[in-house]
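Take a look at the structure set out below.
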Amino acid sequence: MSTPIPVSLTSQLVTRISFDYAITLLTEEGVELRLETQFTFTEPDSEPIVIDPERPDAAALKVLGLLHKVIRAFDVAESGSLVLAVEGGSGIR
């Protein structure tokens, strides 16, 4: 079930990333963003890659590149799809 996030993550620093059966991002203000389904990770000058949090492989380690980065854009649609971009151009969709 998808729940709208009532706060804006824009301008917050990603301070922790954890892996279990999901990938969770924690921001400096204590907001957790838990990714439980497949998502696409993008980086400048690289092909987008699909990551499955329930079956992380070496590609999932790229998500660690979001650590200590400031979130520059964040949006969650009513459908539950999200877009997150950090300084430097990497992101999740």
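Summary table
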| read-out | value |
| --- | --- |
| Net charge, T15 excluded, C-beta distance under 11 Å - Lys, Arg +1, Asp, Glu -1 | -1 |
| Solvent exposure ordering (accessible area, 1.4 Å, most first) of F39, F74, F19 | F19, F74, F39 |
| Spacing of the two label points (7 Å from each Cα toward its C-beta) at V76 and V50, in nm | 2.4 nm |
| Cα-centre dipole for the chain with unit charges at Cβ (Lys and Arg positive, Asp and Glu negative), debye to 20 | 120 debye |
| Sorted peptide list for 51-58, 65-72, criterion being average Cβ within 10 angstrom, highest first | 65-72, 51-58 |
| Protein accessible area in the chain, 1.4 Å probe - carbon and sulfur % | 51 percent |
| Per residue solvent-accessible surface (Å²) - the chain, probe of 1.4 Å | 62 Å² |
| Answer label for P(r) over Cα pairs in 10 Å bins from 0, in percent (calculated), chosen among [x] 17, 55, 28, 1; [y] 16, 51, 26, 6, 0; [z] 16, 49, 31, 4 | [x] |
| Dimensions in Å of region 27-73 - Rg and Dmax from alpha carbons | 11.6, 31 |
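The values are calculated or read from the model by the stated rules, or taken from the named source; none is laboratory data. Quick caveat, the model's predicted, so the values are computed rather than measured. Because the Cβ atoms are built from the backbone with ideal geometry, glycine has one as well, and the counts that use them run over all protein chains shown. For accessibility, only protein heavy atoms count, side chains too; no ligands or nucleic acids. Shrake-Rupley method; radii C 1.70, N 1.55, O 1.52, S 1.80 Å.
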